[in-house]
1. Does at least one position in the stretch A:281-304 carry a residue that is assigned by TED's automatic domain parsing to the domain that holds residue A:71 and under 20 Å from residue A:56 (Cα atoms)?
2. Please tell me if residue A:210 is within 25 Å of residue A:124 (Cβ to Cβ), within 14 Å of chain B (Cβ to nearest Cβ) and free of Cβ contacts under 8 Å to residues at least 40 places away in the same chain.
3. Of the residues A:334, A:320, A:386, which is without any contact (Cβ under 8 Å) to a residue 12 or more places away in the chain and more than 30 Å from residue B:126 (Cα to Cα)?
4. Where in the stretch B:226-306 are there helices (runs of 4 or more DSSP H), lying fully within it, with 3 or more residues that are touching a helix residue (DSSP H, G or I) at 6+ places or on another chain (Cβ under 7 Å) and touching a residue at least 60 places away in the same chain (Cβ under 8 Å)?
5. Looking only at the stretch A:104-131, which residues are surrounded by 21 or more Cβ atoms within 10 Å (Cβ to Cβ) and either touching a strand residue (DSSP E or B) at 6+ places or on another chain (Cβ under 6 Å) or more than 14 Å from chain B (Cβ to nearest Cβ) (or both)?
6. Considering only residues that are touching a helix residue (DSSP H, G or I) at 6+ places or on another chain (Cβ under 8 Å) and exposed (fewer than 14 other Cβ atoms within 10 Å of the Cβ), which ones fall in the stretch A:143-169?
């Protein structure tokens, strides 16, 4: 087990190093290292940007089940959900950053903020969202962090001192409990504020695309909602994966997996329903701008992204695993179902972004632009693939490091309600 | 007045002119052109931020009005129109273009002159010419359609820009502030005409032993010198969204856009749509006029005569 762990970490480290090199190359040589064109303006990086934002919003919304809606059976995954929301968001921001033609001008989004731009609004929301997640994590962990600070030495002590922001936990048990209650109240308030922001973060990311009237494939009121629901699917899948393999195996373990399993099936069901509605409505009129893109998605050159990735990995396989009696009770199978979702949603995101560009804006435009940088075809370059894989590996490594450093489960009390009544001790 | 009529009037028709008067006009035109180019640098500095928000600031002085030579062909007439427009405050002008599809022969001189004028890299084409086969044998013909930026009255590319780098000037031309643009390409995705492209920091001779001077000479879009060298791939307009700007740097120097002056068939007209006496105003009022994707409500200022 230890050697497998070492091998995994080694591979992640190698991939991260390669990804950093690819990212450095891209930053120093510009966008010429991508296979994007003037007509396929957004590609793999944007797909992974919305993938990460979706994972983040989904994870955050899962955390609100505990802290806002009082579903205490999910309490054990609260911190995991918030931490993955934070790291996924940071990953998303890195992907959209390296996709900019002038990455070092990113600050202009704030200094030259435009009220009419969905992207400008999104940038603001991302900041609020990061602040809310960090504040929630701090309220949840402050006493544990303070205790770890007092118990540790050297660099770890510095880390915990910074993370605890100088917080001192009361010594007396009753004061400590009151402190915990106050902390949970803060988390609830932040969670309530965070819900519209998380919906705005990912629904708004969907709206980035949905408002583009020039792309019939995107231009639909359903699009931001599909984004949100598939975010919930991915967030739920990620929680199922993380908790199945790395969660606390206590008496609530099975109960929680069963709950996550049910949520996953419901979210996938809604996702499939919305997708089918969009598919049928878009194709009914047989207007080429709509149908050509859908045909490319389902029967085109990259048909397998839809059939194997979206339909197979993201929807069918997880539903089968979480429904069949032989597999639904096994935590490893359930973890596998979560992993399938997390991997399959990549296909969903790729299919949301890239095919929209395949339809030429005016008939004959593609033939009038013969050079490769104007083409209506795209497959990511080696640098794009390497940087994506590498940055994802780096993100996973950073998440593992944070998981190991931060008190993910080390709570003194788990199930305190807001009024201070203790519901159960772990 | 239809363009057919326009072609046959002595006012516009080069074919009725004698050789001597043609040479006289050509010489005069060349004199005015070079004089205008000498003034160009002064005028260039005024394009951009000063005219962003409804400013009525005048551009720097341009060459004297060539009205004395205006009795010649359509090009000279448009030049006179242009000079007349430039005497007005910027907000009173409304630059527009009329393209007579019956005169377009798909020579692509406009495409090439635009690439040369603006030193366009791979993937950046401001004015492609699209061709479409209509009908079937024996009743078949080719239709050619040059596609510059439509300079929409309601440009869908402007609101999505997160940094306000792209905007509609008071004279109606949609421009890109290269130093403000972060290269997110949202505007490219938002244009229903595919009229925006991205500068991938590439050179046409990327894999050749040497990139020739032709590719490294600067361009003067928006009245500023933009150097383009392979050693610095992050200098704007590299990494920026780019688009047709009706050659504002030429217009502000009293010269017609590159695609207008090089159009072999005389298919492209340019001028001030607010001036009732301008050629484009008269042509755009034709009953044969059409605009691309007018159902979107973008209200393009590029008209097509069919």
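The values are calculated or read from the model by the stated rules, or taken from the named source; none is laboratory data. No experiment lies behind these values; they were computed from the predicted model shown. Methodologically, a virtual Cβ is constructed for each residue, glycine included, from the backbone with ideal geometry; neighbour enumeration extends over all protein chains shown.
1. Residues of the stretch A:281-304 assigned by TED's automatic domain parsing to the domain that holds residue A:71: A:281-304.
When the remaining residues are screened for being under 20 Å from residue A:56 (Cα atoms), the result is none.
No, the conditions are met nowhere in the stretch A:281-304.
2. On the way: within 25 Å of residue A:124 (Cβ to Cβ): yes; within 14 Å of chain B (Cβ to nearest Cβ): yes; free of Cβ contacts under 8 Å to residues at least 40 places away in the same chain: yes.
For residue A:210, the condition - within 25 Å of residue A:124 (Cβ to Cβ), within 14 Å of chain B (Cβ to nearest Cβ) and free of Cβ contacts under 8 Å to residues at least 40 places away in the same chain - is met.
3. On the way: A:334 fails: without any contact (Cβ under 8 Å) to a residue 12 or more places away in the chain; A:386 fails: without any contact (Cβ under 8 Å) to a residue 12 or more places away in the chain.
Exactly one residue qualifies, and that residue is A:320.
4. Numbers: elements: B:248-251, B:258-262, B:279-284.
Qualifying helices (runs of 4 or more DSSP H): B:248-251, B:258-262.
5. Selection gives A:129 alone.
6. Taking the stretch A:143-169 as the starting set, the residues that turn out to be touching a helix residue (DSSP H, G or I) at 6+ places or on another chain (Cβ under 8 Å) are A:143, A:145-146, A:148-149, A:152, A:156-157, A:159-161, A:163-165, A:167-169.
If the condition is that a residue be touching a helix residue (DSSP H, G or I) at 6+ places or on another chain (Cβ under 8 Å) and exposed (fewer than 14 other Cβ atoms within 10 Å of the Cβ), then A:156, A:165, A:168 are the ones that fit.
Yes/no matrix, rows are residues, columns are (1) at pLDDT below 95; (2) buried (at least 16 other Cβ atoms within 10 Å of the Cβ); (3) closer than 30 Å to residue A:115 by Cα:
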site	(1), (2), (3)
B:110	no, yes, no
B:123	yes, yes, no
B:136	yes, no, no
B:140	yes, no, no
B:149	no, yes, yes
B:153	no, no, yes
B:156	no, yes, yes
B:161	no, yes, yes
B:164	no, yes, yes
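A quick yes/no check of all residues on (1) within 14 Å of chain A (Cβ to nearest Cβ); (2) in a loop (DSSP other than H, G, I, E, B); (3) touching a helix residue (DSSP H, G or I) at 6+ places or on another chain (Cβ under 7 Å):
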| position | (1), (2), (3) |
| --- | --- |
| B:104 | yes, yes, no |
| B:112 | yes, no, no |
| B:117 | no, no, yes |
| B:123 | yes, yes, yes |
| B:127 | yes, yes, yes |
| B:130 | yes, no, yes |
| B:134 | yes, no, no |
